[in-house]
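The values are calculated or read from the model by the stated rules, or taken from the named source; none is laboratory data. This is a predicted model, so every value here is computed, not measured. In this analysis, Cβ positions are derived from the backbone assuming ideal geometry, glycine residues included, and neighbour counts consider all displayed protein chains.
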């Protein structure tokens with residue numbers, strides 16, 4: 001049986017407006033944010049929040065959803081600390097994720 005992956009992620013705008021989300025297909029979901037046409041009046045589109053700056057992988061959906069809720073409740077300063085501990089320059093990690101998924105045969 002194939003393992004299912006679930007992801008919790010944080011997106012940022014250039015001016016560091018943050019958004020926390022959940023998905024079962026990280027590459028596809030981030031692409032939708034980048035393209036900006038998933039939801040017409042979406043927060044991420046309005047504020048141009050489309051840079052993947054942090055993500056976590058889970059195999060149990062309920063754990064990922066619980067983590068998403070936990071991150072959404074964090075103070076902004078705690079989210080920033082979480083991001084900067086693994087991505088101090090706030091690089092867009094989208095291309096890295098695409099390469100990982102290609103290597104793993106997921107896309």
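A few notes on this one:
- Matching option when the condition is at pLDDT below 90 and crowded, with 16+ Cβ neighbours inside 10 Å, among 40, 45: 45
- All of (1) farther than 26 Å from residue 105 by Cα; (2) touching a strand residue (DSSP E or B) at 6+ places or on another chain (Cβ under 8 Å); (3) surrounded by fewer than 17 Cβ atoms within 10 Å (Cβ to Cβ) hold for residue 57 with one exception: (1).
- Filtered residues of the stretch 75-107 (kept if touching a helix residue (DSSP H, G or I) at 6+ places or on another chain (Cβ under 8 Å) and surrounded by 15 or more Cβ atoms within 10 Å (Cβ to Cβ)): 79, 82, 90, 94, 97, 98, 101
- Candidate set: the stretch 81-107, residues that are part of a helix (DSSP H, G or I) and in contact (Cβ under 8 Å) with a residue 60 or more places away in the chain; chosen: the one farthest from the chain's Cα centre (by Cα): 101
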